[in-house]
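Data first, discussion second: the structure below is written as structure tokens.
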Amino acid sequence: MPISLAASSTRSSTAQLRGNPLDDPHERPLCVYVPPRYDDEPDRSYPSVYVIQGYSAHIGMWLNRTPFRQPYPELADAVFATSNVPPAIVVYVDAWTAYGGSQYLDSPGSGRYHSYLCEEVVPWVDARYRTIPHRDHRAITGKSSGGYGAMITPMLRPDLFGALATHAGDALFETVYRAEIPRRARLLRDQYGGSYEKFFSDLRRRIPGTRDGDLELMEVYAYAAAYSADEDGTIHLPFDEVGAFVPDVWQRWLAWDPVVMATKPCYAEGAAVAASYLDRRRKQRRVLPRLRCGRLSACGGGGRRAGRPDLLRAIRGGARSDRVPIPARPYLALRAAGGNAVIGKTVRPPAPRRRVANPVHVRGPQTGCNCTSPMTRASPANARNSARAASRSASDSPSTWPGSA
């Protein structure tokens with residue numbers, strides 16, 4: 001049977017985003033997943049995992065159904081339906097902006113999205129759901145820009161988050177950004193004479209994304225709004241009209257590089273988070289250096305270092321393009337619940353036809369989360385593969401799936 005997804009929402013304005021410089025909505029959707037049997041055990045409290053998205057993603061995209069794949073909420077529910085993963089509350093946070101993303105920072109160029117997450121979302125969830133309101137039982141995860149946010153948020157607020165998982169997160173800007181920015185500068189020069197004013201003027205007259213380079217140019221501007229905006233909202237690009245790097249602006253970008261931040265004493269407590277999990281795109285295998293700083297660091301070569309808690313461990317294989325990979329979810333749930341986990345081990349979901357005892361509940365304090373339709377049945381190929389995976393997993397453990405017949 002397909003997993004049903006129930007939803008309810010209320011309207012709530014956020015003080016941190018009210019009057020933001022882009023005039024983006026200060027009423028935001030927030031989806032909260034409760035694990036199986038949440039309503040049946042009213043005296044039980046749960047760890048929480050906050051999920052943040054990559055650049056150009058918004059909260060409604062979690063329910064997108066692509067061929068041969070299940071949406072993220074279904075995959076998360078399947079993971080928590082297994083007997084060897086402790087249940088957790090999963091919070092889906094929206095930080096979309098008119099530029100396509102916020103990098104989860106407080107910036108006069110885009111808004112106070114770090115404070116929104118830490119000062120409003122976390123307390124709201126703790127007050128309305130049976131979470132364990134302690135950093136050691138609260139984790140954060142994301143992909144790409146979401147992976148960046150997952151790295152910097154515990155460094156900025158070590159009192160709130162004690163575990164993180166980052167998937168292809170933006171880091172080591174000197175390698176990841178510096179190699180790409182000259183190409184974006186040439187694109188802006190060739191198509192718009194080096195002027196972002198001309199780019200935005202052209203973009204407003206047509207459907208975004210209908211011309212090559214739209215996303216690439218918007219992305220650089222969004223990052224500049226997050227990393228190098230003045231207090232009056234003026235946004236400074238890291239390159240000039242001929243494409244040369246502007247040193248003082250580039251230094252402002254580097255100040256927000258997680259690898260650089262991890263070396264600074266002021267972020268030492270957050271860099272030493274109790275549980276860290278990292279993977280990266282295939283093209284990043286040879287460029288992530290080995291850098292130790294407390295327990296937050298990056299490994300090169302694509303390997304993981306067993307028995308070294310001071311390393312942010314890397315696993316083999318690239319991050320999937322549109323989802324936070326499965327392995328980190330049970331890992332974070334185990335660590336947030338106080339248990340142990342094997343880095344890089346995938347906990348396979350059960351067969352789609354097995355019904356979870358308690359349907360997934362997705363609730364939100366604000367409007368915009370239009371997730372009221374039941375999930376459709378998974379494809380036959382997925383059903384066969386998942387059935388084989390469930391059979392293997394069942395043979396490894398004497399326990400049965402929750403809610404199985």
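Here PHE239, PHE68 are placed in order of increasing Cβ neighbour count within 10 Å, fewest first, which gives PHE68, PHE239. Once label points are set 7 Å from the Cα along Cα→Cβ at both ALA179 and PHE200, what is their separation, rounded to one decimal in nm? In this crude label model, ALA179 to PHE200 measures out at 3.1 nm. Between CYS266 and ASP39, the contour length at 0.36 nm per residue exceeds the Cα-Cα span by 77.5 nm.
When LYS143, LYS264 are arranged by Cβ crowding within 10 Å, least crowded first, meaning fewest neighbours, the order is LYS264, LYS143.
Here the spin labels are modelled as points 7 Å beyond Cα on the Cα-Cβ line, and at ARG69 and ALA98 they lie 3.1 nm apart.
On full extension, the segment bounded by ARG189 and HIS58 gains 44.2 nm, given 0.36 nm per residue less the C-alpha separation.
A Förster distance of 51 Å, applied to the separation of the beta-carbon atoms of THR234 and ASP126, puts the FRET efficiency at 0.90.
Working from label points 7 Å from Cα in the Cα-to-Cβ sense, the VAL246 to HIS134 distance is 4.8 nm.
Values quoted throughout were computed directly from the atomic coordinates according to the rules given, and no laboratory measurement underlies them. Worth saying up front: this structure is predicted, and the values here are computed from it rather than measured. Don't worry about glycine lacking a Cβ; one is built from the backbone with ideal geometry, like all the others, and counts go over all protein chains shown.
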